[in-house]
Amino acid sequence: MSLTAMDARTATRLRGAQLTYSPAGGTAGVLPPGYHHLRRTAVIGTGAAAFAGAADSLLGWQAHLRAGLAVSASAPVAGPGTLVLLGIAAGLARISAPCRVVYVVNDPGRRGFAYGTLPGHPESGEEAFVIERHDDDTVTFTITAFSRPATLLARAAGPAGRIIQRHITSRYLLALAG
């Protein structure tokens, strides 16, 4: 799969939409109560080259694309305010998940971003994706999220929805393993 540019009409519609939760940026600190919490970390390599390559891939939507999602974004690199429409096939159904990047991490040893859900996303919440280079030169990829069902279909999915979320999270982590 390849990244596609978001069409102007969709971008205009999503740009005017409010996040479906508050406050934005919750994945950067203590996760808010009332949501399902998820935090997973995987070692994906070692050294400066592994860190730089993984960070560039992540910010260029490659974790999502390599995990098998369709990705339509308002910019080729994730930045504050970037809009993204993620798509996944679930049986005969196609699920669309609109999001907006709510913050970017751009520190010497940490790079990544978080996006929040917009109306039309089956879940309500936020997900952060961070690549980190540690003192021992190990490079890790951490995904942190809080979410709850936002649609009738997501509520009806019940535990199956969490299984799908864990499966996609595992695919994201594997997508950047070097």
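The values are calculated or read from the model by the stated rules, or taken from the named source; none is laboratory data. Remember, it's a predicted structure, so these values are computed and weren't measured experimentally. All Cβ positions, glycine included, derive from the backbone under ideal geometry; neighbour counts span all protein chains shown. With ligands, DNA and RNA removed, areas are computed over all heavy atoms of the protein, side chains included. Shrake-Rupley method; radii C 1.70, N 1.55, O 1.52, S 1.80 Å.
What to note about this one:
- Given R0 = 35 Å, the distance between the Cβ atoms of Leu92 and Asp56 translates into a calculated FRET efficiency of 0.45.
- Note that the chain presents 49 Å² accessible area per residue, ligands and nucleic acids not counted, probe 1.4 Å.
- Each Lys and Arg contributes +1 and each Asp and Glu -1, all at the Cβ; summed about the Cα centre of the chain, the dipole is approximately 620 debye.
- Axis angle, to the nearest 10 degrees, between helix 47-59 and the longest C-alpha principal axis of the chain: 20 degrees.
- As a fraction of the 1.4 Å probe accessible area of the chain, surface on carbon and sulfur atoms comes out at 58 percent.
- Relative compactness, the range 1-100, computed as alpha-carbon Rg over 2.2 N^0.38 Å: 1.21
- Shape call, the range 10-62: gyration tensor on alpha carbons, a/c limit 1.5: oblate
- When each of the peptides 74-83, 33-42 is scored by the mean number of other C-beta atoms lying within 10 Å of its residues, the order from highest to lowest reads 74-83, 33-42.
- Multiplying each eigenvalue of the alpha-carbon gyration tensor of the chain by 5 and taking the square root yields semi-axes of 25, 18, 16 Å, largest first, rounded to whole angstroms.
- Each of Gly29, Trp61, Ala93 was scored by the projection of its Cα onto the charge dipole of the range 26-121, and the greatest displacement toward the positive side belongs to Ala93; charges sit on the C-beta of Lys, Arg, Asp and Glu.
- Against the chain, whose longest principal axis is taken from its Cα atoms, helix 159-175 shows a tilt of about 30°.
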